[in-house]
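Peer 1: Got a structure for you, written out below as structure tokens; questions coming shortly.
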Amino acid sequence: MTDLLTATGLKKHFVIGQSGILKRKPITVKAVDGVSFAVREGETFGLVGESGSGKSTVAYTIIGMYQPTEGNIAFRGQSLFQGDKKRSSAVKKEIQIVFQDPGSSLNPRRTVKQIVELPLQIHQPEKDPLPKIVRLLEMVELPPDYVHKYPQMLGGGEKQMVAIARALATNPSFVILDEPTSALDVSIQAKIINLLIRLQEEFHLSYLFITHDLSLMRNVASRVAIMYLGKICEIAEAAEFFRNPYHPYTQMLLSSIPVVSAAEEELKPKKITSRGEIPSPVNVPSGCSFHPRCPEKMDLCSMEDPLMVEVEEGHTVRCHLFSPEQGGL
Amino acid sequence: MSVGPLLDIKDLYVHFHVFGGTLKVLDGVNFTVYSGEKVGLVGETGCGKTTTMKAVLRVLPMPPARIPGGEIYFKGRDILKMGAEELGRVRGEGISMVFQDPTAALNPVFTIGQQLGAVVRYSLAGGKRISRKEIHQRAVVALKEVALPDAERLLKNYPFQLSGGMRQRVCIAMAVAGSRELIVADEPGTSLDVSIQDQILRLLRRLVEEKNTSVILITHTLGVVREIADRVYVMYAGKMVEVATTEELFSRPLHPYTLGLMKAVPKLTGGGIADGIPGRIPDYLDPPGGCRFHPRCDQAMGVCSQEKPWFYRVSDDHEVACFLYREGGKEK
Amino acid sequence: MVPAKPLASAKRMENLRRNWYKFSRNRMSILGLFTVLLVTFLAVFAPLVAPYPKHASAFVDFANASRPPSLEYPFGTDVIGRDILSRIFFGFRFSLGMGVIVLSLVVPPGVVLGLVAGYNQGTWLDTVIMRITDIFLAVPSLVLALAICSVLTPNLFNAMLAVSLMWWPWYARLVYGLASTLRNEFFVASAETIGASKFHILFREILPNCISPIFTKMSLDMGWVIIIGSALSFVGLGVQAPRPGLGTMVSDGSKYLPEQWWISVFPSLAIVLVVLGFNLLGDGLRDMFAAEEV
């Protein structure tokens, strides 16, 4: 499989204020601080992280809401950020996003028709777009008479289906799913997830699936990356990731998941339990940013930031426990 | 202590009067908590779990809410018939609540010390006057119980100076301060990250076990109740549909709704997720007759739309409100 | 295949009924609406409903001067014998006319500037627009109006111009606050990333979500504009004699207080009635637009 989208050394820093007597020293939040990954064609790449990890900032940078501070994102080998030049309409068509909160991503004052029509108007203007809109609604399993409804008349799951229909209106090849089901109940989540999987197969879509829910990731992603304070800690194939989690943070997260069966309980790492909290991204700890919460902390950890190391083929970890100078495994 | 249940909700109905008619939200809720028990209440958004607990604490806005029927016994006394003074004592000393959103539950313009102090004064001291110094000492103890470091300094802080996890801990400290008999925890830690939620749940479990307090844990996440509860109620559209001990429920869910829910939960073992439950929660203005779940149920029978199912006992620690289990066994 | 408009209009009816329910839950809102409708009716059909339409202009009837209220002249007559009731009906015309014209002059620029500044919050556009509005807000409004009216010829047109000049910043402020919040909604981000034009985002995505507060404010402002208009008339800078401005009438009559109280009291009550009506209506609209909580 070829890489469809690659992020290399991606950084996004936000200046949120000034400190010091003369207010000369900017206070920066390093929301994303050197992230590299590749999403392959036709796969679902899972980006997992807790709040403040910077996972959504990665999404918003890809979609073009932010300019990266450093690093680059390439789509089909073409850089998405070429100076101040505006992104071409062809690229905008190809990359779409489904936001987390359908309550906010659908304008309450516009009908379903108007909402789904907008991308068509911009990219494929037609005299009568109604048949196409109805076809899009059918794709997401909504009845045609929904065209005249306003978002507040729809349930949470239905709203998200409209948002998916809007994202698919331009026939994209790459769709970012930013926590598409975290605002929904499980029974509705299941439906949306299965719909997304079906659509992926039907239209050969590639997904960047962003979530905080590792159990969900286990069931949808082909590869998983985990983020902590703006950096990726671990990347692996999904099956490998859940079978052999290396990074202490991954283990901590996995051990924290509330599960519903004994079989799942077996899979949870036992030796690590969650402690501490994510520090404010304004004051990132020195060295490896996870070290204050890490049960396997060494002296080196607070001084030096570890590099990404490929421990097994396709399984990379950013932790001193696995650095070559520590003798790897 | 008396042998009867600590909290006993009997056939509780709650209606809301709104434009277009009456929302029949609670439709005969039966719910029991014994002393020292940890009870889970699981249900999806809008199933009435929070409404039930608001009725227990008598904090439903009336109007638009009305309680056309039912009794809520706390230690043998009907909360719905209590006078203001007795109700105040129940709220102050008997039952306390931990809310889902710790940011909204704490008043932003008072320090932690002031808020915790007020709780200490009203609940712990049981109405007696106690000195400032003692209030302070007891507040420090309360914060230490929830594993918050540097309690002295924390008491001078305002809520915004604390992280979400710390705020949630403060809320728990306020709830367990004093010897409350029942804590109602409404989605504790759900608004926080899993690693923090896990800490909060472990803390809550340790505290209630130490103090032998009863807990009602309200949540929409099946996994969370499994971590804490001894017994679980599953609620759908204003009615309990299944109750069993935690082990029994998770190894042998019976109600079609519980089954659907269990299947829809993404598992760490992988293998994809089932398609969930078709349709959505009914319109409370005009809820379906008979069993409220029948329009979404794949095993619905003729009787389901006609009559309301009673709880059928399938074993000593397992009851299901579903006609499939009438006569103690499955109807073929 | 697609059930088109009928379904939509049924929904609209349902919405209307729901809004009316929310609006009418407060009796005072209905009173406000009724008052506004009544005053509007009297103003529009003043020549037909006024007992003495001719008295609205230069008319003299010394025989009936300074008559107290009677069946013939329900609100009495002024010092040159004109029927106060008739003049109040015509006074409504000037008051409402002034309100409508001022608001239609003020709302569009205020809203557009507020939208642009709010959407571009944090940029130079925001700074320039909002600092200019601040300057206008810093000048005491009545003083500015007095200054303009006294430099230019004092007449109704200049009074409206003056009031408009000091009124638009309030709309810019209101819409600025709304737009700067709404621009963080994901539907705006969604439209941006799809490639929608700025015009589309401002007027099709953000503006429709500001309409309710704008309408509420307009209703409340009608009352305020009428008060200011009357105040300007009272000091002789608004409606000019012999035309019947409510403020002018109060001012003229005040010389004959307390003996001939009806000359100024009835026009004063008329002002109170209009302003109260619009305020109650505004409150009702606010209730109607407020999100329903169960």
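Peer 1: Between C:Ser197 and C:Leu152, what's the calculated FRET efficiency when r is the beta-carbon distance and R0 is 51 Å? Round to 0.05.
Peer 2: E(calc), rounded to 0.05, equals 0.80.
Peer 1: Give a residue-ordered list of calculated ³J(HN,Hα) values for region B:144-153 (Karplus: 6.51 cos²θ - 1.76 cosθ + 1.60, θ = phi - 60°; whole Hz; x for Gly, Pro).
Peer 2: Rounded to whole hertz, the list is 5, 4, 9, 6, 9, x, 6, 4, 4, 5.
Peer 1: Where the accessible area of region C:32-143 is counted over protein heavy atoms with a 1.4 Å probe, how much of it, in %, is carbon and sulfur?
Peer 2: On the way: 4050 of 5350 Å².
The C+S portion of the solvent-accessible surface of region C:32-143 is 76 percent.
Peer 1: When you count, for each residue, the other Cβ atoms within 10 Å and take the mean per peptide, how do A:204-217, B:16-29 rank with the highest first? Numbers along the way, then the final one.
Peer 2: Working: A:204-217: 22.5, B:16-29: 18.4.
My ranking of the peptides, most packed first, is A:204-217, B:16-29.
Peer 1: Could I ask something else about it? Please report the accessible area of B:Ser195 (heavy atoms, 1.4 Å probe, ligands and nucleic acids excluded) in Å², nearest 10.
Peer 2: 0
Peer 1: Right, here's the next one. Using a 1.4 Å probe and counting only protein heavy atoms, arrange C:His55, A:His13 so the residue with the most accessible area comes first.
Peer 2: Ranked from most to least accessible, the order is A:His13, C:His55.
Peer 1: Chain pair A, B: how much accessible area is buried, both chains summed, with a 1.4 Å probe, in Å² to 100? Before the final figure, lay out the partial values.
Peer 2: Working: alone 16070 and 16200 Å², together 29000 Å².
Summing both sides, the interface buries roughly 3300 Å².
Peer 1: Further question on the same structure: Per residue of region B:242-252, in order, report the coupling 6.51 cos²θ - 1.76 cosθ + 1.60 (Karplus, θ = phi - 60°) as ³J(HN,Hα) in whole Hz, putting x for Gly and Pro.
Peer 2: Calculated HN-Hα couplings, in order: 7, 9, 7, 5, 4, 4, 4, 5, 7, 8, 9 Hz.
Peer 1: I've got another one for you. Do the sum for chain B: with -39,500 (n - 2.57) for every DSSP H run of n ≥ 4, divided by all residues, what is the mean residue ellipticity at 222 nm, to the nearest 500 deg cm²/dmol? Write out the running numbers ahead of the final one.
Peer 2: On the way: 11 runs with 98 residues, N = 332.
Counting only the DSSP helices, I get -8500 deg cm²/dmol.
Peer 1: Sort A:Lys159, B:Lys308 by heavy-atom solvent-accessible area, probe 1.4 angstrom, most to least.
Peer 2: Numbers: A:Lys159 40, B:Lys308 95 Å².
Solvent-accessible surface, decreasing: B:Lys308, A:Lys159.
Peer 1: Taking 7 Å along the Cα-to-C-beta vector as the label spot, tell me the A:Lys132-C:Phe62 distance in nanometres, rounded to one decimal.
Peer 2: 8.2
Peer 1: Hey, what did region A:3-326 get for relative contact order, percent, Cα under 8 Å, at least 6 apart?
Peer 2: On the way: 588 pairs, mean separation 62.7, N = 324.
In percent, rounded to a whole number, it is 19.
Peer 1: Which entries in B:Lys24/B:Lys81; A:Lys149/B:Lys54; A:Lys30/A:Lys270; A:Lys11/A:Lys86; A:Lys11/B:Lys267 show an alpha-carbon gap greater than 25 Å? Before the final figure, lay out the partial values.
Peer 2: Values: B:Lys24/B:Lys81 22 Å; A:Lys149/B:Lys54 33 Å; A:Lys30/A:Lys270 32 Å; A:Lys11/A:Lys86 20 Å; A:Lys11/B:Lys267 33 Å.
Pairs exceeding 25 Å: A:Lys149/B:Lys54; A:Lys30/A:Lys270; A:Lys11/B:Lys267.
Peer 1: Which value, in Å², gives the accessible area per residue of the protein assembly as shown when a 1.4 Å probe is used on the protein heavy atoms? Don't skip to the end; give the middle numbers.
Peer 2: Details: 41770 Å² over 955 residues.
Accessible area per residue, the protein assembly as shown: 44 Å².
Peer 1: Given H placed on each backbone N at 1.01 Å, which residues far from B:Met235 in sequence or on other chains put an amide H within less than 5 Å of it?
Peer 2: Those lying under 5 Å, H to H, from B:Met235 are B:Val42, B:Gly43, B:Val241.
Peer 1: If a/c stays under 1.5 just call it rounded; otherwise compare a/b with b/c (prolate if a/b is bigger, oblate if not). Do that for region B:32-113, with a ≥ b ≥ c from the square roots of the Cα gyration tensor eigenvalues. Mind dumping the intermediate values first?
Peer 2: Working: a/c = 1.37, a/b = 1.24, b/c = 1.11.
Rounded.
Peer 1: If you average the C-alpha positions of region C:37-73 and of region B:51-109 separately, how far apart do those two centres end up, in angstrom?
Peer 2: 62
Peer 1: At a Förster radius of 60 Å, what calculated FRET efficiency corresponds to the Cβ-Cβ distance of C:Leu37 and A:Met65, to the nearest 0.05?
Peer 2: 0.80
Peer 1: Only loop residues by DSSP count here, and only those with at most 12 other Cβ atoms within 10 Å; note down the trypsin sites (Lys or Arg not before Pro) in region A:11-69 that meet that. Intermediate values should be presented prior to the final figure.
Peer 2: On the way: sites: A:Lys11, A:Lys12, A:Lys23, A:Arg24, A:Lys30, A:Arg40, A:Lys55; in loops: A:Lys23, A:Arg24.
Within region A:11-69, the qualifying trypsin sites (Lys or Arg not before Pro) (loop, at most 12 other Cβ atoms within 10 Å) are A:Lys23, A:Arg24.
Peer 1: Please report the accessible area of C:Lys54 (heavy atoms, 1.4 Å probe, ligands and nucleic acids excluded) in Å², nearest 10.
Peer 2: 150
Peer 1: Could you work out, residue by residue across A:102-110, how many beta carbons of other chains sit within 10 Å of that residue's beta carbon, and then give the average as an integer?
Peer 2: Working: counts 2, 3, 8, 6, 4, 12, 4, 10, 6.
Mean partner shielding for this stretch: 6.
Peer 1: Using a Gaussian network model of chain A whose springs link C-alpha atoms within less than 10 Å, name the residue from A:Gln200, A:Gln121, A:Gln96 with the highest mean-square fluctuation.
Peer 2: Answer for the Gaussian network model of chain A: A:Gln121.
Peer 1: What figure, in Å² to the nearest 10, do you get for the accessible area of B:Glu152 with a 1.4 Å probe and non-protein molecules left out?
Peer 2: 90
Peer 1: Let me ask something additional. 7 Å from Cα along Cα→Cβ at both C:Glu259 and B:Val109: what's the point-to-point distance in nm?
Peer 2: According to this spin-label approximation, the distance is 5.6 nm.
Peer 1: While we're here: Need one number: nm distance between label points at C:Leu137 and A:Glu296, each 7 Å from Cα along Cα→Cβ, rounded to one decimal.
Peer 2: Label at C:Leu137, label at A:Glu296, 5.7 nm between them.
Peer 1: Just want to confirm a number: the relative contact order over chain B, from Cα pairs under 8 angstrom separated by 6+ residues, in percent.
Peer 2: 20
Peer 1: For B:187-200, what's the mean count of beta carbons from other chains sitting within 10 Å of each residue's beta carbon?
Peer 2: Working: counts 0, 0, 0, 0, 1, 3, 11, 13, 16, 8, 4, 9, 6, 1.
If you average over the peptide's residues, the count of other-chain Cβ atoms is 5.
Peer 1: With a 1.4 Å probe and all protein chains kept in place, how do A:Arg166, C:Arg93, A:Arg218 rank by accessible area, largest first?
Peer 2: Working: A:Arg166 20, C:Arg93 100, A:Arg218 55 Å².
The residues order as C:Arg93, A:Arg218, A:Arg166, largest area first.
Peer 1: What whole number of Å gives the distance from the Cα centroid of region B:154-186 to the Cα centroid of region A:202-263?
Peer 2: After rounding, the separation between the Cα centres reads 31 Å.
Peer 1: Roll a 1.4 angstrom probe over the protein heavy atoms and tell me the percent of accessible area of chain A that is carbon or sulfur. Let's see the in-between values first.
Peer 2: Values: 6680 of 13280 Å².
Summing carbon and sulfur atoms, their accessible area is 50 percent of the total for chain A.
Peer 1: Sticking with this structure for a sec: Amide H of B:Ile218: which non-local residues (sequence gap of 5 or more, or other chain) have their own amide H closer than 5 Å, using H built in the peptide plane?
Peer 2: B:Leu41, B:Ala185, B:Asp186, B:Glu187
Peer 1: Run the numbers on chain C and let me know its relative contact order in percent, using alpha-carbon pairs under 8 Å that are six or more apart.
Peer 2: Working: 431 pairs, mean separation 74.9, N = 294.
Relative contact order for chain C comes out at 25 percent.
Peer 1: I've got another one for you. Provide the net charge surrounding A:Phe209, with neighbours chosen by a C-beta distance below 11 Å and charges set as Lys +1, Arg +1, Asp -1, Glu -1.
Peer 2: Working: positive: A:Lys55, A:Arg223; negative: A:Glu43, A:Asp178, A:Glu179, A:Asp213.
Net local charge, A:Phe209 excluded: -2.
Peer 1: Once you've got the GNM for chain B with C-alpha springs shorter than 10 Å, pick whichever of B:Ala274, B:Ala147, B:Ala244 has the biggest mean-square fluctuation.
Peer 2: Among B:Ala274, B:Ala147, B:Ala244, the largest GNM mean-square fluctuation belongs to B:Ala274.
Peer 1: Also, I was wondering about something else. Within 10 Å of each Cβ in peptide A:88-100, how many partner chain Cβ atoms are there on average? Round it to a whole number, please. Numbers along the way, then the final one.
Peer 2: Details: counts 1, 2, 0, 1, 3, 2, 0, 1, 3, 5, 2, 6, 1.
Mean shielding count: 2.
Peer 1: Still on this structure, please answer the following. What FRET efficiency would be calculated for the residue pair C:Val128, B:Glu209, taking the C-beta separation as r and a Förster radius of 60 Å, to the nearest 0.05? Please report the intermediate quantities before stating the final value.
Peer 2: Working: r = 63 Å, r/R0 = 1.05.
Taking R0 as 60 Å, the efficiency between C:Val128 and B:Glu209 is 0.45.
The values are calculated or read from the model by the stated rules, or taken from the named source; none is laboratory data. Since we're looking at a predicted model, the values are computed, not measured. Don't worry about glycine lacking a Cβ; one is built from the backbone with ideal geometry, like all the others, and counts go over all protein chains shown. These accessible areas exclude ligands, DNA and RNA; they are computed on the full protein's heavy atoms, side chains included. Shrake-Rupley method; radii C 1.70, N 1.55, O 1.52, S 1.80 Å.
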